[in-house]
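Engineer: This structure is in C-alpha cells; I'll ask about it shortly.
The values are calculated or read from the model by the stated rules, or taken from the named source; none is laboratory data. As the structure is a computational prediction, the values presented were derived from the model and not from experiment. In this analysis, Cβ positions are derived from the backbone assuming ideal geometry, glycine residues included, and neighbour counts consider all displayed protein chains. For the accessible areas, the whole protein counts, side chains as well, though only heavy atoms, and no ligand, DNA or RNA atoms are used. Shrake-Rupley method; radii C 1.70, N 1.55, O 1.52, S 1.80 Å.
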Amino acid sequence: MINEIIKKNGITYGVMIGIASALITATIYAVDLNLFTAWWMGLIGIAISLTISIILLSKTKKELNGVFSFKDAFTTYFIAAVIGILISTFFNILLFNVIDPSAKDTLSELMIKYTVGMMQKFGSPASVINETIEKMKLSNPYSTVELLKGSVFAIVISAVFGLIFAAFFKSRTTQE
C-alpha cells in the first residue's frame, strides 16, 4: 500500500504540474501561436515542471522525517508526473479538438515553416525538405490520438527523470 503522505503529495503536486502546463499552453495560445515553435518556451515548461518536482520530493522527504527509499521517491515523482501529463493532455485535447479546432491547422503550418527554415539553415537538399513537408502535411500532431500517443511518450520520459530524481532524493544508508 502507498504511504498516505506520498499519495497526497503526488496527487497535489501532479495537479499543480498539470495546471501550470495548461496555463502555459493557454497563455501561448492567447498571446501568439508562433510561440509554440519557440524552443525556449519548451525549456520554460520543463524548468517549471522540474522545479515543482524538486519541491515535491524535498517536501515529501521532510514530511517522512528523512526516511525516503528509492521506491518511495520514484513513486512520489511518478504519481505527480502522470497526473500532470494527463491533465495537460486533456487540456490540449479540449483546446485543439473542441474549443478551437482551426488552431491545429494554423499550428501545423507554423511548424512546417519553422522546420523548413531550420532545414535550410543546415543546408538540407531541396528534395529532403520537400519530402519532410509532405510527411508533415499528412500528420496531425494535435489530434486526440496523437496527443494521447504523445502523453505515453511523455510518461516514459518522466519515468527516466523519476529514476534520476529517486536516486538523488533517496535516503542515504548509514550502514557501511
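Engineer: Please work out how much length the chain gains when fully extended from residue 116 to residue 8, using 0.36 nm per residue of separation minus the C-alpha to C-alpha distance, in nm with one decimal.
Structural biologist: 34.3 nm
Engineer: For helix 70-94, report the angle its Cα long axis makes with the longest principal axis of the Cα atoms of the chain; keep it between 0 and 90° and round to the nearest 10°.
Structural biologist: 30 degrees
Engineer: Can you list the aspartates and glutamates whose alpha carbon sits under 19 Å from that of residue 135, skipping same-chain ones fewer than 8 residues off?
Structural biologist: Output for residue 135: 105, 109, 146.
Engineer: Using +1 at the C-beta of Lys and Arg and -1 at the C-beta of Asp and Glu, which of 108, 26, 86 has the Cα lying farthest in the positive direction of the dipole of the chain?
Structural biologist: With unit charges placed on the Cβ atoms, the residue in question is 86.
Engineer: What value, in deg cm²/dmol to 500, does the helix sum -39500 (n - 2.57) over DSSP H runs of n ≥ 4 give at 222 nm once divided by the residues of the chain?
Structural biologist: -27500 deg cm²/dmol
Engineer: Could you give the length gained by full extension between residue 86 and residue 140, i.e. 0.36 nm per residue of separation minus their alpha carbon distance, to one decimal place?
Structural biologist: 17.5 nm
Engineer: Turning to a different aspect of this structure: Using a 1.4 angstrom probe and counting only protein chains, how large is the accessible area of residue 134 in Å², to 10?
Structural biologist: Taking all protein chains as shown, residue 134 has close to 110 Å².
Engineer: For the chain, report the % of Cα-Cα distances exceeding 26 Å.
Structural biologist: The share of Cα pairs beyond 26 Å in the chain comes to 41 percent.
Engineer: If you bin every alpha carbon distance in region 62-134 into 10 Å steps from zero, what whole percent lands in each bin?
Structural biologist: 16, 23, 20, 21, 15, 5, 0
Engineer: Additional query: As a quick test, which of the pairs 121/149; 71/149; 7/104 have an alpha carbon distance above 32 angstrom in this structure?
Structural biologist: Cα-Cα > 32 Å for 7/104; rest within.
Engineer: About the Cα centre, and with charges only on the beta carbon of Lys, Arg (+1) and Asp, Glu (-1), how big is the dipole of region 98-152? Nearest 20 debye, please.
Structural biologist: Taking the Cα centre of region 98-152 as origin, the dipole is about 140 debye.
Engineer: Putting +1 on Lys and Arg Cβ atoms and -1 on Asp and Glu Cβ atoms, find which of 64, 51, 123 reaches farthest to the positive end of the dipole of the chain.
Structural biologist: Toward the positive end, the furthest listed residue is 64.
Engineer: Which of 123, 45, 150 moves the most in a Gaussian network model of the chain with Cα springs under 10 Å?
Structural biologist: Fluctuation is largest for 123.
Engineer: With a 1.4 Å probe and all protein chains left in place, how much accessible area per residue does the chain have, in Å²?
Structural biologist: Value returned for the chain: 60 Å² of accessible area per residue.
Engineer: Does anything in region 124-144 have its amide N under 16 Å from the 7 Å Cα→Cβ label point of residue 109, and if so which residues?
Structural biologist: What the label zone holds, given the 16 Å backbone N cut-off, is 137-138.
Engineer: Stokes-Einstein D for region 1-66 at 20 °C, 1.002 mPa s, Kirkwood Rh over Cα pairs, in µm²/s?
Structural biologist: 162 µm²/s
Engineer: How high is the relative contact order of the chain? Use alpha-carbon pairs under 8 Å, at least six apart in sequence, and give a whole percent.
Structural biologist: That works out to 34 percent.
Engineer: If you don't mind, there's one more thing I want to ask. Working from Cα positions, state the angle (0 to 90°, nearest 10) between the long axis of helix 102-121 and the longest principal axis of the chain.
Structural biologist: With rounding to tens, the tilt is 80 degrees.
Engineer: While we're on this one: Using only the alpha-carbon atoms, how far is helix 39-63 inclined from the longest principal axis of the chain? Give it as 0 to 90 degrees, nearest 10.
Structural biologist: Approximately 10 degrees, to the nearest ten.
Engineer: For region 108-167, state the average projected area of the convex hull of the C-alpha atoms over all orientations, rounded to one decimal in nm².
Structural biologist: Over all viewing directions, region 108-167 projects a mean Cα-hull area of 5.7 nm².
Engineer: While we're here: Given charges of +1 on the Cβ of Lys and Arg and -1 on the Cβ of Asp and Glu, with all other atoms neutral, how large is the dipole of the chain about its Cα centre, in debye to the nearest 20?
Structural biologist: 480 debye
Engineer: For residue 63 and residue 168, compute 0.36 nm times the residue count separating them, minus their Cα-Cα distance, and round to one decimal in nm.
Structural biologist: 36.1 nm
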